[in-house]
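Okay, structure first, notes after.
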Amino acid sequence: QVQLVESGGGLVQPGGSLSLSCAASGMIFRLYSMGWYRQFPGNQREWVADISSGGSTNYTDSVKGRFTISRDNAKNTVYLQMNSLKFEDTAVYYCGSYVGGKNRWGQGTQVTVSS
């Protein structure tokens, strides 16, 4: 079955950086677009960035110029490099993909930006 496993979250000061990873299994990774999403306490999950199978990327306005999504098809992994982090980036971050007619999600990884 499809599994997505995020890692790399943690506590960082404002202005700092974190790199998230999402390892995929049970799918032909190179064929699928992958996305990063985040969920604030009490809010719905929101889209952050995505990368197509061909490597085209898109970002929500609030992270443009600060976050970079990338993928390594040889490692079945998608990454999110987060720089210049702000308090308002604090959330649980999920990777996701639409595979086999269903939205697939990882378990999430907490990112906390605090001084």
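Quick notes
- Residues in the stretch 87-115 that are among the basic types (Lys, Arg) and either touching a strand residue (DSSP E or B) at 6+ places or on another chain (Cβ under 6 Å) or closer than 15 Å to SER53 by Cα (or both): ARG104 only.
- Inside the stretch 92-115, residues that are of a type in the set (S, T, N, Q), within 27 Å of LEU31 (Cβ to Cβ) and open to solvent by 50 Å² or more (accessible area, probe 1.4 Å) make up a count of 2.
- Considering SER84, SER53, SER70, the condition of being closer than 26 Å to VAL2 by Cα, in contact with a Lys or Arg (Cβ under 9 Å, 6 or more places away or on another chain) and not basic (Lys, Arg) is satisfied by SER53 alone.
- Among residues that are of a type in the set (D, E, K, R) and either free of Cβ contacts under 8 Å to residues at least 12 places away in the same chain or within 25 Å of GLN1 (Cβ to Cβ) (or both), ARG45 is included.
Yes or no, residue by residue, for (1) under 10 Å from the mean Cα position of the chain (by Cα); (2) within 17 Å of ALA74 (Cβ to Cβ); (3) charged (D, E, K, R):
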{"residue": "PRO14", "(1), (2), (3)": "no, no, no"}
{"residue": "LEU18", "(1), (2), (3)": "no, no, no"}
{"residue": "SER21", "(1), (2), (3)": "yes, yes, no"}
{"residue": "SER25", "(1), (2), (3)": "no, yes, no"}
{"residue": "GLY35", "(1), (2), (3)": "yes, no, no"}
{"residue": "ARG45", "(1), (2), (3)": "no, no, yes"}
{"residue": "ALA49", "(1), (2), (3)": "yes, no, no"}
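- Residue count for the stretch 36-54, restricted to those that are modelled with pLDDT under 95 and either among the small types (Gly, Ala, Ser) or surrounded by 21 or more Cβ atoms within 10 Å (Cβ to Cβ) (or both): 1.
- Check on ALA74, modelled with pLDDT of 95 or more and surrounded by 13 or more Cβ atoms within 10 Å (Cβ to Cβ): no
- The number of residues in the stretch 77-91 being open to solvent by 40 Å² or more (accessible area, probe 1.4 Å) and under 12 Å from the mean Cα position of the chain (by Cα) comes to 2.
- Subset of the stretch 34-74 that is among the charged types (D, E, K, R) and in contact with a strand residue (DSSP E or B) (Cβ under 8 Å, 6 or more places away or on another chain) - its residue that is farthest from GLU88 (Cα to Cα): ASP72
- Verdict on SER25 being at pLDDT 95 or above, of a type outside the set (D, E, K, R) and in contact with a Lys or Arg (Cβ under 7 Å, 6 or more places away or on another chain): no
- Which listed residue, of SER21, SER33, is farther than 20 Å from ASN83 by Cβ, surrounded by 13 or more Cβ atoms within 10 Å (Cβ to Cβ) and not aromatic (Phe, Trp, Tyr): SER33
The values are calculated or read from the model by the stated rules, or taken from the named source; none is laboratory data. Keep in mind that this is a model prediction, so the values were computed, not measured. Please note: Cβ atoms are built from the backbone with ideal geometry, for glycine as well, and neighbour counts cover all protein chains shown. For the accessible areas, the whole protein counts, side chains as well, though only heavy atoms, and no ligand, DNA or RNA atoms are used. Shrake-Rupley method; radii C 1.70, N 1.55, O 1.52, S 1.80 Å.
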